[in-house]
Each structure stands twice: as structure tokens, then as C-alpha cells.
Amino acid sequence: MCGIVGYIGSRSATEVIIGGLQRLEYRGYDSAGIAIYDVEAGLQLRRSVGKLSNLVARVTHEPAVGTIGLGHTRWATHGGVTEANAHPHRDASGSIVVIQNGIVENYLELKSRLLEQGVPFQSQTDTEVIAHLLAYHYQREGSLAPALRQTMLELRGGNAVVAFCIHEPDRFVAARLGNAGGVVLGSAQGEHFVASDVPAILDYTRDLIFLEDRDLAVVSRDGIALSRLDGSQVARPTVTVPWDPIAAARGDYKHFMEKEIHEQPRALVDVLRGRIDHEAGRVDLEDLRLGDADLRRVERIYITACGTAWHAGLVAKFMIERLARVRVEVDYASEFRYREPVLGKDSLLLTFTQSGETVDTLAAMEQARDQGVPSVAIVNAIGSQAARVADGGPIYLHAGPEIGVASTKAFTSMLVSAYLFAVRLAQARGTMTPDQIRPHLQALVELPGKAATIIERVIPQCEELTEHYHRASNALFLGRQQNYPIALEGALKLKEISYIHAEGYPAGEMKHGPIALIDEDLPVVCIAPRDDIYPKMVSNIEQVQARHGQVIAIITDGDDFLPTRARHTLSVPPTIPLLQPVLTAIPLQIFAYTMAVRRGCDVDQPRNLAKSVTVE
Ligand code: F6R
């Protein structure tokens, strides 16, 4: 949820930057700060906790003057919500300032190296590690751009970084690594801008350049010089966006769904922000109103949701039962409300909803309340009805607005939130110790980077697949265990946007009926990552092949057996099995999207569907 704005020109940098940060307020944040430079006044840092209005009050009281500067709104990841943890962060000499969006996955390792060298730390953030590393490389390189290049090459994880050094007062440098943080540059006569999101700078320019993974930009009053992190030169097109805010928000993408698929690495960073504490081996869910004692009392959890969100609930059942050892039942909200469920006092209702306005989901929550059962809502839309009525608290996804009717980034963020909730519950109930939790936290922070790898790799592969299958009238999706709901989700995505009839099945059930459908025209998508159940999936795949079905297998990197059996394979990086659905879902979203585009369908607004289902 972090927002980045930077400015160099002739206007008041404070005004431009704070105005830009205000336009990003919808993304959510918990502290904000600016660093403004002027030859006479020097480097002026102003930071404050809470709303931007606090920063504005601070700056009114203690102005920051200058025509170059950086600003940031922070959503805490490492370290609490304090002024010391707010960005910008400085190196030990105070001459370098840095703002960042992303998570430095190896920050503990880098921090202990710097501590050994005697570097003093002022905050608990991973960002400060970047400032000190940058100072270290600056001493060797003597210039900011190569120093930032060396620094970025030491970071693991998706990160967008903007840096300024008082010894080079006519420029700032921005770099992007991975896809967890976007960087957009804006150009106007004699002035330039950098931001994490387009709306921040649209008041000043419509001419934008989007940095790609491993790009670096040196931004001065006169222009922007682009290069790659390996030092080679590169050119990126200038995109002129329309004033129409909807079209502007879609940016360079053809559809919102495409944009939202690409936003997943960043959404996965945002859902983790402030919620994981590597050092303590803990998960903290800031909005949850249930304490350890409440969570220990829970004997049974009812999950209710609709559509894609219901699929997230099905995966959540595996996570919660395995990690926290609490019994879980999953219902369609539209069924739950009419089946007169018997909810005991030791129960908890857990709902998943992107919009927070789905009428059946709200009715299920009401039913729980009538029976004295607390509810927790995993929800995206801030301030929505579900967030307000969840007496146990909302757990916000912080995925940003999802406009495409077919849910993508909200779904994968729901899976990660469910995992956080399961670990939080396990922590309270003592079924996991901090030492056991730590590797799970590491697996979580590695997800955004892995999601980015999949997106980049699978899009061209799926475009190629559509050439074979765009005329199909049916498709079958198979998976087992926690990947069975992903088979359901893959089928739902395909049917809703491409209008191809598709069914999802637990692979073991295939021989009890669906096998009759298999012939040489039927694409059968088999989710077969390397896990305990892999040998069973392999034999299901053999059964499909024997009947001449067209197998598209979702496999794990390094599996060289299934490519010899399946007609096509799409490969995803490995992770711990309970988190695999976050990754296996993405190729299926891309498959559905590319098929729908190939068939000329209205991807963002498929017929008969609404984004928010507020009627029964
Ligand atoms: C499918 C999809 C729908 C929603 C469902 C629930 O891609 O988006 O199935 O998941 O209508 O909506 P929310 O999550 O807003 O409650």
C-alpha cells in the first residue's frame, strides 16, 4: 500500500509531493514523510504518523522549501507504526535519502552484515538497510546511479526504490526490481516526476514512462536517462494517457483483468505488509478484534462466501485445519442462510468477500450475529458493509480496487490472508511455535516474486495454447486436496469470461462420471505440483491421455517427467504445499484471460455478470 511521489522542477516540491500522496490515499497507509532539498536550507526531513493531514500540519508549522524532493506514504511491514520507521530513511551520514515500495526478503542477512560493520540503525525497517547499503556503494562508486545499481543487485524480492543524495542535488534516481512495486515517470517542460501510481502525477502530465523490472532511471530537470541494472542502455516508450480517470487507471493494459493479473505481485506484498514479524516468528493481524483468549475458545469455524471467494474459503479450510487444528465447514453463503445451521457458542463465522457487499454473504453474517456467533470478514473494499458488520473485525486485503468482473488479485490475496489467519490462530492456540512459524513467513514473502515469474513466463505460453483450444466448447479442470478448489476456480474463470462450458472436479472423482466426457477435443487442465499427492495426479493424467484427452498440466519447476506425459505444461515455482494454490491459480487466470481475448469476448464485463451482487 506504500505510495511513492518524487519531484524535480521549479515548483514547490512539498506542494507537488503532498498533493500526489493525497491522490494515493485510497491505497491506505499509516504514516507519511517527505525529504525536500534546497542549497541553502539543506535536506529537510518531515515525517509523521497517521493521516496525511498530520504531515500537512507539521509542514505548515515547520516548512520544507526546495524544488526537488521525495515523499512516501507507508503501510508498515517491518517495524511498528512510528515516526522513526516512516520513510524517507537516511544513511548514517544523513546525505542520502531513500523511499521504497516492496519487501527486502533478505533484509535480516543484509542488516546483520551492516551491523557487523558498525553501521548504526535508527529504525526497524527493511528500507533503512537500503539507505546504508547505498551509502556503502556510493563510497566505492562515487556516484548515485551506479551505487543504486549495485544496491539493487544485492536485494532479494520485488522492490521499487527512489534515492537522492545531497552531493548530486540536480537529480534523483529510481530503480525497479521485480514486480512488487510499480514505478511511473512523468515528463513536462523543465520538470519531472516519479510515482508508484499514475493518479499521483496526472495533474501535471499525461506523458508517462513505466519502468520495467531491472530498469534504472536518472531523473533531472532536463530529462530522464534510462538504463538497466547491468549498466546497459535501454529505451522505453512514452505513453500518453487520457484524462478520463477510468482509462487512465487502466494505463497501458487492454483490460482491467489483464492489469489486475499483473498487479498480483504487488497485491501479495500489500496483503503481507505489517502483518509478519520475522524476528519474533509471529503474525499480527492489526484489524482483528479477537485476542488470544477469544481465538483459543474457537472450536469450529464456518466459512461462508460466494463464487471465487467461496473457492478461497475451500482452500482456507485446508490451511486452518492443518495449521491450527480447528474444525472447519465451508458453505455457499446462499445455502448457509437457508439451511438453519446449528452454530454453537464456541463457533466463529469467517467470510471472504472482495466487494463486502454481496447480499448472501451479508445475510450469512447476520445469521451468525443472531445466534451470538462472532464473525470475521476477509474483505477488500475498505469501509464496505461486510467490513463494518464483522464484529470480530475485518481483515483487509489491501489489494486496491478490482474493476474487472472476474476476480483475480482479490482471490490470490484472499488465499494469503487466509494463511495469515491460520497462522495467527495456530499461534494463539499453541499449535505452532515461533521457530515453526518462521519458515512459513519466509515462504509467504517469497510469493510475490514467484507470482511475477509466473506472469511473465506463462502469458506467451497461454497465447500459444489458445491457438489450439479457442474453439473448444467444453473443458475439464482437475486437482486434488488444496488444489481441488483451484480446479473449481480455473473452471469458473474460463466459463465466466470466455463462455466455454467448464467443470472443476477433484481428480479422484473423474472416474466416477466425468471420464465419459474425455475425447480428443476436450482440454483437461490438471493441477499437478510436486507434493504428497503428485503420484496420484500422475496416474489421473495417464488415464486422461489413454482416452486421448488433451492434457494441459500445471507442474512445478524442475519436474521433467510430466512434460513427457502431458500434451502441454505450464510450470510454477515450488513453495510449501499449502501455499501452492496461490501460484497454481495464476496460470489458470491467464489461460482464461487469453482464451477470452482470442474469442473476442468482453473480458471486463462478461454478459449477465455484475461485479458486486447485491441482489438475491
Ligand atoms: C468470479 C467472481 C465472483 C465473486 C462473487 C463474490 O470471478 O468474481 O464469483 O467472487 O460474486 O463476490 P464478493 O467477493 O464481492 O463477495
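What follows draws every value from the coordinates through simple rules; no lab data is involved. Note that the coordinates shown come from a computational prediction; the quantities given were computed from them, not determined experimentally. Note: ideal-geometry Cβ built from the backbone for every residue, glycine included; neighbour counts use all protein chains shown.
Observations
- The calculated FRET efficiency for LYS51 paired with ASP294, based on their beta-carbon distance and R0 = 35 Å, is about 0.75.
- Among TRP75, GLN100, GLY42 the positive-end extreme of the charge dipole of region 3-245 (Cβ point charges): TRP75
- When you restrict to C-alpha pairs under 8 Å that are six or more residues apart and normalise by the size of region 250-432, the relative contact order lands at 31 percent.
- Three-way shape label, region 153-215, alpha-carbon gyration tensor, a/c 1.5: oblate
- Degrees separating the helix 359-370 axis from the principal Cα axis of the chain, which is the longest one: 90
- Positive-end ranking of GLY558, GLY430, ALA235 along the dipole of the chain, with charges on Cβ about the Cα centre, is headed by GLY430.
- Quarter of Cα convex hull surface for region 250-432, i.e. mean projection, nm²: 9.9
- Label-to-label distance, nm, for residues given as SER112 and ARG327 (7 Å Cα→Cβ offset): 4.4
- Rounded to the nearest 5, the antiparallel percentage of DSSP beta bridges internal to region 384-525 is 0%.
- Mean Cα-pair separation over length for the chain, i.e. relative contact order, pairs under 8 Å, 6 or more apart, %: 11
- Principal semi-axes in Å for region 3-245 [√(5λ), Cα gyration tensor, largest first]: 24, 21, 17
- Relative to the Cα centre, the charge distribution of region 419-513, modelled as +1 at Lys and Arg Cβ and -1 at Asp and Glu Cβ, gives a dipole magnitude of about 360 debye.
- Of the two radii for region 455-602, the radius of gyration is 0.92 times the Kirkwood radius, both from the alpha carbons; that is the Rg over Rh value.
- The slack between GLU463 and ASP521, meaning 0.36 nm per residue of separation minus the straight C-alpha distance, is 19.0 nm.
- Between ASN608 and GLN442, full extension at 0.36 nm per residue minus the direct alpha carbon distance yields a gain of 55.6 nm.
- Antiparallel %, DSSP beta bridges [both residues in the chain], to 5: 60
- Each other residue within a Cβ distance under 10 Å of VAL597 adds +1 if Lys or Arg and -1 if Asp or Glu, for a net charge of +1.
- Cα gyration tensor category, rounded, prolate or oblate, for region 13-97 with a/c compared to 1.5: oblate
- Its residues counted as N, the chain yields a C-alpha radius of gyration over 2.2 N^0.38 Å of 0.97.
- Net charge, TYR107 excluded, C-beta distance under 12 Å - Lys, Arg +1, Asp, Glu -1: -3
- Placing a label point 7 Å from the Cα of ASP284 along the Cα-to-Cβ line, the residues of region 40-83 whose backbone N sits under 12 Å from it are 76-82.
- Shape of region 449-539, Cα gyration tensor, a/c cut at 1.5: oblate
- Against the chain, whose longest principal axis comes from its Cα atoms, helix 534-546 is set at around 60 degrees.
- Region 1-58-region 267-318 distance, computed between alpha-carbon centres (Å): 33
- Where Rh is the Kirkwood radius over Cα pairs, Rg/Rh for region 567-616: 1.11
- Fewest-first ordering of LYS111, LYS511 by other beta carbons within 10 Å of each residue's beta carbon gives LYS511, LYS111.
- Net charge over other residues, Cβ less than 11 angstrom from the Cβ of ALA422 (K, R count +1; D, E count -1): +4
- For the chain, size of Cβ-based charge dipole, Lys and Arg +1, Asp and Glu -1, in debye: 520
- Sequence ranges 71-77, 42-48, ranked by mean other-Cβ count within 10 angstrom, highest first: 71-77, 42-48
- Compared with the dominant principal axis of the Cα atoms in the chain, helix 52-61 is inclined by about 10°.
- Secondary structure note: in region 250-432, about 10% of the DSSP beta bridges are antiparallel.
- Cα-Cα separations in region 44-183 greater than 24 Å, expressed as whole percent: 27
- Spin-label zone in region 145-168 - amide nitrogen under 16 Å from a point set 7 Å from the Cα of GLU456 along the C-beta vector: 152-161
- Note that region 256-307, at 4 °C in a medium of 1.567 mPa s, gets a Stokes-Einstein diffusion coefficient of 91 µm²/s from its Kirkwood radius over C-alpha pairs.
- Inter-label distance, ALA188 to SER220: 2.1 nm, where each label sits 7 Å from its Cα along the C-beta direction.
- From its DSSP helices (H runs of at least four residues, each -39,500 (n - 2.57)), the chain gives a residue-normalised ellipticity at 222 nm of -11500 deg cm²/dmol.
- Separation of the ARG471 and ARG339 label points, Cα + 7 Å toward Cβ, nm: 4.3
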